[in-house]
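Participant: Structure below; questions to follow.
The values are calculated or read from the model by the stated rules, or taken from the named source; none is laboratory data. Values in this document were obtained by computation on a predicted structure and should not be read as measured data. Every residue, glycine among them, receives a Cβ derived from its backbone with ideal geometry; neighbour counts consider all protein chains shown. Just the protein is used for accessible areas: all its heavy atoms, side chains included, with ligands, DNA and RNA removed. Shrake-Rupley method; radii C 1.70, N 1.55, O 1.52, S 1.80 Å.
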Amino acid sequence: MHGRVTDIWRAYFAQRLLWDVGLRLAFSPPWVVQFRNAHNYLADFNSEVPLYQQAGALVGALLRWQPAARTLPGRFEELYVHMYELGIVGLSDVRLAQAWLADLDRIGYPFPPLLDRPPRPVKPARP
């Protein structure tokens with residue numbers, strides 16, 4: 001999967017995990033101005049096609065996912081393995097996620113506790 005896609009998928013993964021600790025992901029307008037270099041915009045679009053074709057299926061998979069782990073780092077790893085099994089991320093992504101968790105554990109990062117009953121995601125109203 002191209003980096004132009006996986007960075008966006010990671011935000012979807014993060015939101016799914018944040019629900020379990022009672023938090024939400026938010027986006028804001030950009031704070032910087034980016035001056036783009038000349039490049040092939042059609043290639044950019046072609047690399048992003050999975051975003052347009054698979055986003056609905058990914059959201060459905062995230063909503064159906066029933067984690068077994070009882071800690072946030074356990075669920076993080078479990079989610080990445082699940083996404084690998086679905087063909088969304090590669091094995092190298094799983095290994096990188098595991099290494100990142102190991103680094104956080106090594107420095108003593110205190111992960112937030114899971115909620116007993118995470119809130120259900122809010123469905124947006126249809127216009």
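Participant: Given the conditions (1) open to solvent by 100 Å² or more (accessible area, probe 1.4 Å); (2) in contact with a Lys or Arg (Cβ under 9 Å, 6 or more places away or on another chain), which single one is not true for R24?
Facilitator: Of (1) open to solvent by 100 Å² or more (accessible area, probe 1.4 Å); (2) in contact with a Lys or Arg (Cβ under 9 Å, 6 or more places away or on another chain), only one is false for R24: (2).
Participant: What do you reckon, is Q34 among the polar types (S, T, N, Q), open to solvent by 60 Å² or more (accessible area, probe 1.4 Å), farther than 29 Å from L104 by Cβ and part of a loop (DSSP other than H, G, I, E, B)?
Facilitator: When the stated conditions are applied, Q34 passes them.
Participant: Let me ask another. Which of (1) at pLDDT below 90; (2) not in a helix (DSSP H, G or I) is the odd one out, the single condition A69 does not satisfy?
Facilitator: Among (1) at pLDDT below 90; (2) not in a helix (DSSP H, G or I), A69 violates only (1).
Participant: Any residue at all in the range 69-92 that is touching a Ser or Thr at 6+ places or on another chain (Cβ under 8 Å) and buried (at least 17 other Cβ atoms within 10 Å of the Cβ)?
Facilitator: In the first step, residues of the range 69-92 are kept if they are touching a Ser or Thr at 6+ places or on another chain (Cβ under 8 Å); the result is 89.
Pick out the ones that are also buried (at least 17 other Cβ atoms within 10 Å of the Cβ) and you get 89.
Within the range 69-92, one or more residues are touching a Ser or Thr at 6+ places or on another chain (Cβ under 8 Å) and buried (at least 17 other Cβ atoms within 10 Å of the Cβ).
Participant: Pairs under 8 Å by beta carbon, first residue touching a residue at least 12 places away in the same chain (Cβ under 8 Å) and under 21 Å from R64 (Cβ atoms) in the range 20-32, partner part of a loop (DSSP other than H, G, I, E, B) and open to solvent by 80 Å² or more (accessible area, probe 1.4 Å), six or more apart or different chains?
Facilitator: So the pair list comes out as V21/P113.
Participant: Output yes when any residue across the range 107-127 is out of contact with any Asp or Glu (no Cβ under 7 Å at 6 or more places or on another chain), in a helix (DSSP H, G or I) and either loosely packed, with under 14 Cβ neighbours inside 10 Å or at pLDDT 95 or above (or both), and no when none is.
Facilitator: The answer is no, given that none of the residues of the range 107-127 is out of contact with any Asp or Glu (no Cβ under 7 Å at 6 or more places or on another chain), in a helix (DSSP H, G or I) and either loosely packed, with under 14 Cβ neighbours inside 10 Å or at pLDDT 95 or above (or both).
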